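Engineer: Please find one structure pasted underneath; my questions will follow.
The values are calculated or read from the model by the stated rules, or taken from the named source; none is laboratory data. As the structure is a computational prediction, the values presented were derived from the model and not from experiment. Note that each Cβ is placed from the backbone with ideal geometry, even for glycine, and that neighbours are counted across all protein chains shown. Heads up: the accessible areas ignore ligands, DNA and RNA and are worked out on the full protein's heavy atoms, side chains in. Shrake-Rupley method; radii C 1.70, N 1.55, O 1.52, S 1.80 Å.
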Amino acid sequence: MELIDRISWLIRLRWLAVVGVVATVELARRIFPVHLALAPIYAVVAAIAAYNLVLTWLARRLRPFPAGSELRLSGIVAQILTPRALRGMEGEREAARAALFVALQIGLDLGALALLVHFAGGLENPFIFFFIFHTVISSIILSRRATYLQATLAFLLLLLIGVGECTGILTHYPLDGVWRRDAHADPLLVGAQLLVLGITLYLAAFMGSTIAAHMRERERHGALLAAEVARKARLLEEAYERLAELEKAKSQYMRKVSHELRGPLGTIETALKVVLAGTAGDSPATVQDLLGRAARRAGELAEMVEELRVLSRAREARLAAEMSEFDATELVTDVVTELREAAERGGLELTLESPGEPVTICADLAGLRQVIDNLVSNAIRYTPPGGRVEVTLARTADSLRLEVRDTGIGIPAADLPHVFEEFYRAPNARAHTTGGTGLGLAIVGAVVRQHGGTVNVESAPDEGTRVTVALPIPSRACPNL
Amino acid sequence: MSDRQRILIVDDDRDLVEALKLTLKGAGFEVTAAFDAPTGLQRAASDAPDLIILDVMMPNATEGFHFVWTLRQHAEERVRSIPIVMLTAVHEKTSLRFYPEGGDGTYRSGEYLPVQEFIDKPVDPARLVEKVRQVLARGPELR
């Protein structure tokens, strides 16, 4: 807390004052031909050091504010002492307690200063202006009202010294050779000096507390602003959470719809295939041709529905439920074997390079199968006859790397940032073939992200494309196995 | 009783059943059908067909799997051992298991659904007939 930090500062400052007084006294004795009343002056210095020790101990106790052991403040005292900017804020009670502690310290200091000044020339002492110094300190730490109270206390002490010494009620300890011997007894001089000191004290109190109040107000404003920013951040976070919920609901809906569509589509395709197979009787060539087209389009539709299902499932982030342990080498080999026929039909050379041994990973089997299938199918689809598709599976210390490289039509640089967007197909891809849903790479992106992996695409038009997928291999086994 | 081999199709999709019936009848089999699991189990017990073609039967999702486990626990050996061809590619997509009750829901190494063959939808007629013939020739040996 700020006020407590300032208490420590005040205590450090006081040690400096003790050293300063001793140094000044010793220096003054040697430079000026003055006879200082050393005994009472050093007695006051010793008293300052003593109460500073006590204050140091008290400040340590004040810091943690042990319940029940604190100074109890009545409301009115707290009102007077605590700076306005701190009122009504969190920790006000502690602030009031610390403010009282500071007010008592400054009161003690003013008393000590008055004694020092009295034993060293009274109003003649040039260090009389240290009273102003204390007023400034009060204005920085305490409330405006407390500052004026401190200024009044300082003025009363000065009045006591001035009038007391002038009238002979108090002994005057002269600063021989520095000041006129009888100056302290000149009512006009004393009166003028007290007037100037009084005005200066109250001006210092006014200016100091005005500047301090202004700064505290800004601090308070800053704190309010920070609270407002925090509130807005919370709202934003809540909005984001709601959005994430909506996104999840949308994915669930998409998954359910695609799930429902799969059944009827499968039946349509099966029925068409049965008719095309001639089991239901011969049909004319034109009918056969049309049914063939219908079957092909139904197949494309089924593929899109399946891709939507996989995509929405990956988006739902229900990964934990889908995880299982399997051999990645076997999976890649399976998929490549299944696609070999398509590669041969396209006049392509399809090669696979993989670790000779099983690589057991914990992942979503269906999702990963789709990732490999999509990448290799894409490479086959967009590589003209005579080209090459190379699939490489490699294991590093903590990740699984799958690379699919082709000598195909490539992706123009302008389209590269969009290839992971749903339904996005680069113009050269559309021109090359009518097949393809534009969901393949969106699925790859979603599934890989879901597994905490990365996917990178490098491509040059008419030269080829290289897609690299890196999946982290967790050191532990599947949590649900 | 005809000497043709008898196939029972258990599937709630009547249109698909019709298409499969046409294909299998065309291939010389005698085909009957049940459109839900309880009827299918009854029919299996009373007729003891040579082979069952079984759908996973959505939307219940697990009804087909429960059918398998119930049939395999049947009191009569001739019913218990009827070969099953499952109309799904679920074995490629998940390692989830579907016990009638209990279990933690996943297969461990060496465990699998006790059926003879899987075939994915959409069903390719020629492939279906080929698989059915293979399974009938092989008998109750599991896949």
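Engineer: Only four residue types carry charge here, +1 at the Cβ of Lys and Arg and -1 at the Cβ of Asp and Glu. Report the dipole size of chain A about the Cα centre in Debye, rounded to the nearest 20. Mind dumping the intermediate values first?
Structural biologist: On the way: 50 positive and 53 negative charges, 492 e Å.
Dipole of chain A, to the nearest 20 debye: 2360 debye.
Engineer: On to the next question. Provide, in order from the shortest bin, the percent of all Cα-Cα pairs of the protein assembly as shown in each 20 Å bin, continuing until the bin that contains the maximum pair distance.
Structural biologist: Taking every Cα pair in the protein assembly as shown, the percentages come to 14, 29, 14, 13, 17, 10, 3, 0.
Engineer: Show me the chymotrypsin sites (Phe, Trp or Tyr not before Pro) within the stretch A:166-244 that DSSP assigns to loop and that have at most 10 other Cβ atoms within 10 Å of their Cβ. Before the final figure, lay out the partial values.
Structural biologist: Numbers: sites: A:Trp179, A:Tyr202, A:Phe206, A:Tyr240; in loops: A:Trp179.
Those that pass, being in a loop and sparsely packed, number zero.
Engineer: Also, quick follow-up: Say each of A:Tyr253 and A:Arg93 gets a label point 7 Å from the Cα, pointing the same way as Cα to Cβ; how far apart are those two points in nm?
Structural biologist: Those two pseudo-labels are separated by 5.2 nm.
Engineer: Between A:Ala226 and A:Ser8, what FRET efficiency follows from the Cβ-Cβ distance if R0 is 35 Å, with the result rounded to 0.05?
Structural biologist: Numbers: r = 25 Å, r/R0 = 0.70.
It comes out at approximately 0.90.
Engineer: Now, a different point. Over 21 Å between Cα atoms: which of A:Lys250/B:Lys121; A:Lys248/B:Lys121; B:Lys25/B:Lys131 fall into that group? Could the numbers behind the result be given before it?
Structural biologist: Details: A:Lys250/B:Lys121 26 Å; A:Lys248/B:Lys121 28 Å; B:Lys25/B:Lys131 15 Å.
Beyond 21 Å between Cα atoms: A:Lys250/B:Lys121; A:Lys248/B:Lys121.
Engineer: Over the stretch A:354-460, with a single point scatterer placed on each C-alpha, what log10 of the ratio I(q)/I(0) does the Debye formula yield at q = 0.15, 0.21, 0.23 1/Å?
Structural biologist: -0.66, -1.24, -1.43
Engineer: Please give the per residue accessible area of chain A, computed with a probe of 1.4 Å over protein heavy atoms only, in Å². Walk me through the intermediate numbers first.
Structural biologist: On the way: 25460 Å² over 481 residues.
On a per-residue basis, chain A sits at 53 Å².
Engineer: Could you give the dipole magnitude of the stretch A:323-468 about its Cα centre, charging the beta-carbon of Lys and Arg +1 and that of Asp and Glu -1, in debye to the nearest 20? Mind showing how you got there, number by number?
Structural biologist: Numbers: 12 positive and 22 negative charges, 80 e Å.
Approximately 380 debye in magnitude.
Engineer: Then there's this: Got a sec? Charge dipole of chain A, +1 on Cβ for Lys and Arg, -1 for Asp and Glu; which of A:Ala397, A:Val359, A:Leu197 is way out at the positive end?
Structural biologist: A:Leu197
Engineer: Quick check: pseudo-label points 7 Å beyond the Cα along Cα→Cβ at A:Tyr424 and A:Glu458, how many nm apart are they?
Structural biologist: A separation of 2.0 nm, rounded to one decimal place.
Engineer: Another question, if that's okay. Between beta-carbons, use under 14 Å as the cut-off and find the net charge around A:Asp406, counting Lys and Arg +1, Asp and Glu -1. Let's see the in-between values first.
Structural biologist: Working: positive: A:Arg381, A:Arg388, A:Arg405, A:Arg466; negative: A:Glu349, A:Glu390, A:Glu403, A:Glu458, A:Asp462, A:Glu463.
Once all neighbours under 14 Å are counted, the net charge is -2.
Engineer: I've got another one for you. Interface size between chain B and chain A, please: total buried accessible area, 1.4 Å probe, rounded to the nearest 100 Å². Could you put the intermediate results ahead of the total?
Structural biologist: On the way: alone 7520 and 26270 Å², together 32180 Å².
What B and A bury together is about 1600 Å².
Engineer: Taking a ≥ b ≥ c as the square roots of the eigenvalues of the Cα gyration tensor of the stretch A:283-361, is the shape rounded (a/c under 1.5), prolate (a/b larger than b/c) or oblate? Each step should come with its number before you reach the end.
Structural biologist: Numbers: a/c = 3.79, a/b = 1.45, b/c = 2.61.
Oblate is the answer for the stretch A:283-361, as a/c is 1.5 or above yet b/c matches or exceeds a/b.
Engineer: Excluding ligands and nucleic acids, what accessible area in Å² is computed for A:Leu197 using a 1.4 Å probe, to the nearest 10?
Structural biologist: Taking all protein chains as shown, A:Leu197 has close to 10 Å².
Engineer: A further question follows. Find which of A:Leu375, A:Leu272, A:Ile169 sits farthest along the positive direction of the dipole of the protein assembly as shown, computed with +1 on the beta-carbon of Lys and Arg, -1 on that of Asp and Glu, about the Cα centre.
Structural biologist: A:Ile169
Engineer: Sticking with this structure for a sec: If you put +1 on each Lys and Arg Cβ and -1 on each Asp and Glu Cβ, how big is the dipole of the stretch A:391-472 around its Cα centre, in Debye rounded to 20? Walk me through the numbers before you get to the answer.
Structural biologist: On the way: 7 positive and 9 negative charges, 40 e Å.
Dipole of the stretch A:391-472, to the nearest 20 debye: 200 debye.
Engineer: Compare A:His134, A:His432 by solvent-accessible area with a 1.4 Å probe and give them largest first, with all protein chains kept in place. Working shown, then result.
Structural biologist: Details: A:His134 25, A:His432 75 Å².
Ranked from most to least accessible, the order is A:His432, A:His134.
Engineer: Something else about it: Around A:Ala426, what is the net charge, scoring Lys/Arg as +1 and Asp/Glu as -1 over all other residues with Cβ under 15 Å from its Cβ? Kindly include the intermediate steps, with their values, before the conclusion.
Structural biologist: Numbers: positive: A:Arg381, A:Arg425, A:Arg430; negative: A:Asp406, A:Asp415, A:Glu421, A:Glu422, A:Glu458, A:Asp462, A:Glu463.
So the environment of A:Ala426 carries a net charge of -4.
Engineer: Within the stretch A:359-402, name every residue whose backbone N is under 12 Å away from a label modeled 7 Å from Cα of A:Thr433 along the Cβ vector.
Structural biologist: Zone members listed by number: A:374-385.
Engineer: Continuing with the same structure: For the pair A:Gln288 and A:Leu301, how long in nm is the line joining their label points, each one 7 Å along Cα→Cβ?
Structural biologist: Simple spin-label model gives 2.4 nm for this pair.
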